[in-house]
Amino acid sequence: MELRDLRAFVTLGEVLHFSQAALRQHVTQSALSKQIRRLELELGGHLFERSANSTRLTELGRALYQDARSVIEKSDQLLRSARDIQAGISGTLRIGFGVATKTLVPAAIARFREKRPLVKIELCDLSTHHQMVALNDGVLDLGFCRLPPPQGWSALPVLTARFVAVLPASYRDISSLSDLAARPLALIQRAKAPSFYDHFMNHAACEGLRFSDIQPVSDFAAAVALAAAEVAWAIVPSSTAIEHDRVRTLTLDAPGASWTIGLIRPPGRDSPLLDAFWAIVAGMRTS
């Protein structure tokens, strides 16, 4: 059964006039008649009763008309959806992000949806390492990750982050990491944020520091809470919300204590949808 024959049946069933139906279908009356006959042969019965003055649906035609109309409408919707997705007007965009971009990402999405309100956005809060895995596996389309990305991947730098030491308020005389080496340190588990953990440990090693009492935590909020409770001091990224009044912060300004976050995607993932979001972020970076 050909879709064009079914469409001819639906059009003729709507107007019940061969000449008008042929005009709507942009075919001759003879061609329309052949389409209807071909469909009737497939279905095993007449769909229309035709006289000199009228055209009417048969009992079989009436029984099948709504189903045929539904098939045509779904086919038309499928074509519209395909065109919209290819044009980047609709579809789904899966984006990874981390704590460093918790402000940037919502702002970018808001701007993006002003122009493309039909696009569905799926957000995943993941560390750089876990975003890379998801991007490589095709689970994510784009990710806001620590740079540099793997070789051959596209990257758009968007912001710089730094290490911040969160200290209990009672640590009044602390001015550098070296003053903290002997005190308990709350640090996110490596499994949760491998890049962050490794970077900090390498930075400490370069500064000649070793920490003998490290208390692993599952997230940065827990690390801040431990500092507020005076259980330990903590290391967090500069984007972490510090809402406790029982702590103070010490931003690490050494060259090795910062890193760049960028929007990245693997090669071969080009599409109008991804390109449009990429352009939005690029515009925010320069505005």
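The values are calculated or read from the model by the stated rules, or taken from the named source; none is laboratory data. These numbers come from a predicted model, not from an experiment. Here Cβ is always computed from backbone atoms with ideal geometry, including for glycine, and neighbour counts include all displayed protein chains.
Taken residue by residue, the stretch 27-48 has at least one member that is assigned to a strand (DSSP E or B), more than 48 Å from the chain's Cα centre (by Cα) and either within 20 Å of M1 (Cα to Cα) or without any contact (Cβ under 8 Å) to a residue 40 or more places away in the chain (or both). Here L64, L78 are screened, and the one residue that is assigned to a helix (DSSP H, G or I) and either on the phi > 0 side of the Ramachandran plot or surrounded by fewer than 17 Cβ atoms within 10 Å (Cβ to Cβ) (or both) is L78. The condition (being farther than 22 Å from S195 by Cα, out of contact with any helix residue (DSSP H, G or I) (no Cβ under 8 Å at 6 or more places or on another chain) and surrounded by 14 or more Cβ atoms within 10 Å (Cβ to Cβ)) is satisfied by just one residue among I109, I121, I174: I109.
For G262, the conditions (1) over 17 Å from H130 (Cβ atoms); (2) outside any loop (DSSP other than H, G, I, E, B) all hold with the exception of (1).
Residues in the stretch 258-274: is at least one among the β-branched types (V, I, T) and more than 17 Å from A193 (Cα to Cα)? Yes, because at least one residue in the stretch 258-274 is among the β-branched types (V, I, T) and more than 17 Å from A193 (Cα to Cα).
Of S195, S271, which residue is outside the structural domain of G143 (by TED's automatic domain parsing), more than 22 Å from S175 (Cβ to Cβ) and of a type in the set (G, A, S)? Being outside the structural domain of G143 (by TED's automatic domain parsing), more than 22 Å from S175 (Cβ to Cβ) and of a type in the set (G, A, S) holds for just one of S195, S271, which is S195.
Filter the stretch 114-124 down to the residues that are over 12 Å from the mean Cα position of the chain (by Cα) and either of a type in the set (D, E, K, R) or under 20 Å from R285 (Cα atoms) (or both) and list them by number.
E114, K115, R116
Note on the stretch 133-149: among residues that are in contact with a Pro (Cβ under 8 Å, 6 or more places away or on another chain) and under 20 Å from S271 (Cβ atoms), the one that is surrounded by the most Cβ atoms within 10 Å (Cβ to Cβ) is L135.
Within the stretch 262-287, residues that are of a type in the set (F, W, Y) sit with their Cβ atoms under 7 Å from residues that are crowded, with 16+ Cβ neighbours inside 10 Å, at 6+ positions apart or across chains, in these pairs: F277/L93; F277/F112; F277/L142; W278/L156; W278/L263. The lone criterion from (1) hydrophobic (A, V, I, L, M, F, W, C); (2) in a loop (DSSP other than H, G, I, E, B); (3) buried (at least 16 other Cβ atoms within 10 Å of the Cβ) left unmet by I85 is number (2).
With respect to the stated conditions, L273 is surrounded by 18 or more Cβ atoms within 10 Å (Cβ to Cβ), closer than 30 Å to A82 by Cα and out of contact with any Ser or Thr (no Cβ under 7 Å at 6 or more places or on another chain). Could you tell me whether the stretch 245-268 includes any residue that is under 19 Å from the mean Cα position of the chain (by Cα) and surrounded by fewer than 13 Cβ atoms within 10 Å (Cβ to Cβ)? There is at least one residue in the stretch 245-268 that is under 19 Å from the mean Cα position of the chain (by Cα) and surrounded by fewer than 13 Cβ atoms within 10 Å (Cβ to Cβ). Does the stretch 68-77 contain any residue that is in contact (Cβ under 8 Å) with a residue 12 or more places away in the chain and more than 36 Å from the chain's Cα centre (by Cα)? Scanning the stretch 68-77, I find at least one residue that is in contact (Cβ under 8 Å) with a residue 12 or more places away in the chain and more than 36 Å from the chain's Cα centre (by Cα), so the answer is yes.
Beta carbons closer than 6 Å, at least 6 apart along the sequence or on distinct chains, pair a first residue in the stretch 185-213 that is over 13 Å from I235 (Cα atoms) with a second that is part of a loop (DSSP other than H, G, I, E, B) and not acidic (D, E) for L209/A181; D213/P184. When L32, L12, L3 are screened for being touching a Phe, Trp or Tyr at 6+ places or on another chain (Cβ under 8 Å), under 22 Å from Q77 (Cβ atoms) and of a type in the set (A, V, I, L, M), only L12 passes.
If you filter the stretch 94-104 down to residues that are aliphatic (A, V, I, L, M) and modelled with pLDDT under 95, you find that the one that is surrounded by the most Cβ atoms within 10 Å (Cβ to Cβ) is A100. Listed by first and then second residue, the pairs linking a residue in the stretch 136-159 that is free of Cβ contacts under 8 Å to residues at least 40 places away in the same chain to a residue that is part of a strand (DSSP E or B) and small (G, A, S), with Cβ atoms under 9 Å apart and 6 or more places separating them unless they lie on different chains, are P148/A155; P148/G262.
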